[in-house]
Amino acid sequence: MADRLYTSSEADEILSALRFETKLEKATLARMAFALSLSKAGDEVPDSPNFSGGEMKRPTFFAEDEAFIRTLLSYTYKRPDLTEDELFSNRSLTKNHIDHGALLLNELFQACGRSGDGLIAQLVKEVDLSSRRESSGQGLDIFIGRTLLQKDDLIVELNNTAKHANSHLAIMGKPGVGKTQFLLKLLADIRVQSNYQTNFIYFDYKGDVVDNERFLEISKAQSYRLLQSGQSLPINPFILPSYDEQTINVSAREKAESFASINSKLGVVQKGALTEAIRAGYAKRADSTTPYPDFQDILDIAAATYEEDSKKDDSLIEVLRDLSDFDLFWKHGSSTPPIEKLSNRTLLIDVHAMPVLKELVAYLVIERIYKEMASMPDSPISDGRRTIRTILVIDEAHNYLSQKNIFLQRIIREGRSKGVAVFFASQSPNDYQQDFFNFQELLEFAYIFQCEGVSTGSVQKILGCSSKTAKDLQTEIARQEPWQVISRSNNKSEEFVKFTAEAFYKNY
């Protein structure tokens, strides 16, 4: 059993230089390099045949985490029987990841303007450096309010797989009845109870949540105010899990369909032009360290094609120009690299100031979340509790539910096993009656505040009650006081329960 290894000379130079800039020990930097490489390269890390660098002793590198690091490597390489030489030696997987990760660290260091503090800040976004294990089915038991008559506490076991088919949730009610405060209470409780390991991405359509400093503090959410203060999302919608021809072609067609589903002016010709421009954008960046285009690339290529064909600018060029000029997403040349993984980030995306493109921005981010979700292993379960990794939160969802977002539909259908949930906030149960997708049957939790003009059919499907009960509830729903809610009952002998909802501001 080897008790030491020797890094490559290049890795040793990088780690030594970064030690000076960050004031961190080389072993700490080596662990950071290892984690970064494992998360980026996985089992495709290149071999490192150079052993002329610095010495790294086994106890210094592993500290108290040898079993954990062995488990990470076994999981990544799908090998439960790693040999000692594969674990820690001059030809080990650990050495390969340290050497490769050092190169990645140097790239980040250069991209951050050779700032040690900037490097650490970016690493916090890229990799969880504290070596936290993913919580295995931590219980999320959320206090949501008290029943109207008996004043009994109501607790929702959000991730209890024995009781609930999924964790998708909808809150419905007209403005001013308390639904946003109720939603913020749920999210804050989830963040705190999960020890901040359950994340969320929140689309704020009204701009009121982004101004709630207390909520941002409690939830530890990073806010982005689009079209305000020059902020843009450090997200590139064109990042893919791989860049082979088939993956690029499929993604290009999906992007074109996304644009067309949001903008009815984009017809078959525009979809074809956009597909070809996206393919060309990937070809343009194929040999770079960032092998994905940005919207400026796609606009330039599409505009050049139009000019060659003597075509006038149309709705496609207009949309691409807006996406590029408004600086909504990451561009090449940005001072910081784009976020590589969204599912481990908690973001509040304020789109209320945007006159157009709200739904398209959400669509593109949702697509990224789905692509990440599809590549995840199933989330762990312990004692019947499934880990919820991230929650997609769509406020003012009535503006969005009619859009045929195939990625949102896939998240709702497939998200349960991956630990991904969707929370909607909208104005009425009627919003979920869409011919192309059965939202009602796939929403496990539904909370109806005061609404007007609610149909019997939508109430019946949302609550799962009888048609007679739904008809009786129509008038009650319209006459509810603020903070009063009707929802499904946990008691099988009752079709619904009435309660007074808890508010964020009362709890935090």
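The values are calculated or read from the model by the stated rules, or taken from the named source; none is laboratory data. It should be emphasised that the depicted structure is a prediction, and the values quoted were computed from it without experimental measurement. We place every Cβ from the backbone using ideal geometry, glycine too, and count neighbours over all the protein chains shown.
Table for the structure above
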| item | result |
| --- | --- |
| Residue list for the stretch 432-454, restricted to those being more than 24 Å from Met373 (Cβ to Cβ) and within 25 Å of the chain's Cα centre (by Cα) | Tyr447 |
| Every residue from the stretch 171-198 that is under 15 Å from the mean Cα position of the chain (by Cα) and surrounded by fewer than 23 Cβ atoms within 10 Å (Cβ to Cβ) | Arg191, Tyr196, Gln197 |
| Any hit, the stretch 128-137, residues being modelled with pLDDT under 85 and within 25 Å of Ala446 (Cα to Cα) | yes |
| All positions within the stretch 477-494 that are surrounded by fewer than 17 Cβ atoms within 10 Å (Cβ to Cβ) and either touching a residue at least 24 places away in the same chain (Cβ under 8 Å) or assigned to a strand (DSSP E or B) (or both) | Ala478, Arg479, Glu481, Pro482, Asn490 |
| Selected residue (only one of Ser334, Ser251 is at pLDDT 90 or above and either within 25 Å of Ser229 (Cβ to Cβ) or assigned to a helix (DSSP H, G or I) (or both)) | Ser251 |
| Lone unmet requirement of (1) closer than 25 Å to Gly207 by Cβ; (2) buried (at least 22 other Cβ atoms within 10 Å of the Cβ) for Pro293 | (1) |
| Pairs with Cβ under 6 Å, 6+ apart, first in the stretch 82-108 and in the same structural domain as Gln122 (by TED's automatic domain parsing), second assigned to a loop (DSSP other than H, G, I, E, B) and surrounded by 24 or more Cβ atoms within 10 Å (Cβ to Cβ) | Thr94/Phe88; Ile98/Thr7; Asp99/Thr7 |
| Selection within the stretch 466-475 - closer than 22 Å to Val177 by Cβ and free of Cβ contacts under 8 Å to residues at least 12 places away in the same chain | Asp472, Thr475 |
| Qualifying position, being under 22 Å from Pro355 (Cβ atoms), outside the structural domain of Tyr224 (by TED's automatic domain parsing) and loosely packed, with under 14 Cβ neighbours inside 10 Å, among Asp313, Asp287 | Asp313 |
| Tabulated pairs, the stretch 1-27, first farther than 15 Å from Arg58 by Cα and in contact (Cβ under 8 Å) with a residue 12 or more places away in the chain, second of a type outside the set (Phe, Trp, Tyr) and exposed (fewer than 14 other Cβ atoms within 10 Å of the Cβ), C-beta under 6 angstrom, 6+ apart or interchain | Ser9/Ser52 |
| Those residues of the stretch 307-334 which are of a type in the set (Ser, Thr, Tyr) and within 14 Å of Leu266 (Cβ to Cβ), in sequence order | Ser315 |
| Meets criteria (aliphatic (A, V, I, L, M), assigned by TED's automatic domain parsing to the domain that holds Leu299 and free of Cβ contacts under 8 Å to residues at least 24 places away in the same chain) for Ala260 | yes |
| Criterion violated by Val356 - all others in (1) over 25 Å from Gln181 (Cα atoms); (2) at pLDDT 90 or above; (3) in contact with a helix residue (DSSP H, G or I) (Cβ under 8 Å, 6 or more places away or on another chain) satisfied | (2) |
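Okay, residues lined up against (1) on the phi > 0 side of the Ramachandran plot; (2) touching a helix residue (DSSP H, G or I) at 6+ places or on another chain (Cβ under 9 Å); (3) assigned to a loop (DSSP other than H, G, I, E, B); (4) modelled with pLDDT under 90:
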position	(1), (2), (3), (4)
Lys163	no, no, yes, no
Asn166	no, yes, yes, no
Thr180	no, yes, no, no
Asp189	no, yes, no, no
Asn195	yes, no, yes, yes
Phe203	no, yes, no, no
Asn236	no, yes, yes, no
